[in-house]
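What follows is a single structure, written as structure tokens, with notes after it.
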Amino acid sequence: MNEVETVSTELEELLEAIPSPPQEVIVCKLCRHRLADADLMHDINGKTEHEFTNPFGIVHRFRCYDDAPGCKIQGSREAADTWFLGYTWRICTCGKCDTFLGWLFEANDSFFGLLISKTAQENLRADSGTAAS
Ligand SMILES: [Zn+2]
């Protein structure tokens with residue numbers, strides 16, 4: 001085996017040793033309950049992150065997701081004070097600890113808006129203490 005082949009074999013072995021990309025998940029900040037996969041993030045009006053002020057002057061920053069199976073949906077559909085034209089909203093809470101997390105927006109399609117301050121992104125394979133906070 002010549003030198004070039006040796007190097008390329010070593011490179012292949014190195015590449016095989018690199019683990020596949022870690023799975024990022026969105027969890028409840030309070031109880032770490034898994035809410036959604038990070039790759040379910042959803043573009044609304046060209047952005048995944050939105051900031052709105054409610055009628056009480058409280059600023060809400062949230063990210064949008066196609067689905068959030070770990071959330072519980074509460075109450076009936078509301079059309080008043082919606083932030084997205086044509087969409088109704090319902091409250092969504094943590095499926096485990098019931099913390100208020102955001103909203104499910106529904107029209108012909110639907111998406112979740114989860115509050116950035118109430119959620120965290122975690123690496124599912126982070127068992128070595130290197131989890132992003
Ligand atoms: Zn929770």
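The values are calculated or read from the model by the stated rules, or taken from the named source; none is laboratory data. All figures in this text were calculated on a predicted structure; none of them were measured in a lab. Here Cβ is always computed from backbone atoms with ideal geometry, including for glycine, and neighbour counts include all displayed protein chains.
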### Query
Which members of region 16-43 meet the condition of being assigned to a strand (DSSP E or B) and among the hydrophobic types (A, V, I, L, M, F, W, C)?
V25, I26, V27, C28, L35, A36, M41
### Task
Of all residues in region 62-88, count the ones that are out of contact with any Leu (no Cβ under 7 Å at 6 or more places or on another chain), assigned to a strand (DSSP E or B) and not acidic (D, E).
7
### Summary
All-but-one check, G95 against (1) out of contact with any Phe, Trp or Tyr (no Cβ under 6 Å at 6 or more places or on another chain); (2) at pLDDT 95 or above; (3) more than 16 Å from the ligand (Cβ to nearest atom); (4) not polar (S, T, N, Q), failing number (3)
### Task
Only residues that are exposed (fewer than 15 other Cβ atoms within 10 Å of the Cβ) and of a type in the set (F, W, Y): list them for region 32-67, please.
F52, F56
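Keeping to region 89-121, report how many residues are under 17 Å from the mean Cα position of the chain (by Cα) and in a loop (DSSP other than H, G, I, E, B). Reasoning before the result, please.
Filtering region 89-121 down to residues under 17 Å from the mean Cα position of the chain (by Cα) leaves 91-96, 99-105, 110-121.
Of the ones still in play, those that are also in a loop (DSSP other than H, G, I, E, B) are 95-96, 99.
Within region 89-121, residues that are under 17 Å from the mean Cα position of the chain (by Cα) and in a loop (DSSP other than H, G, I, E, B) number 3.
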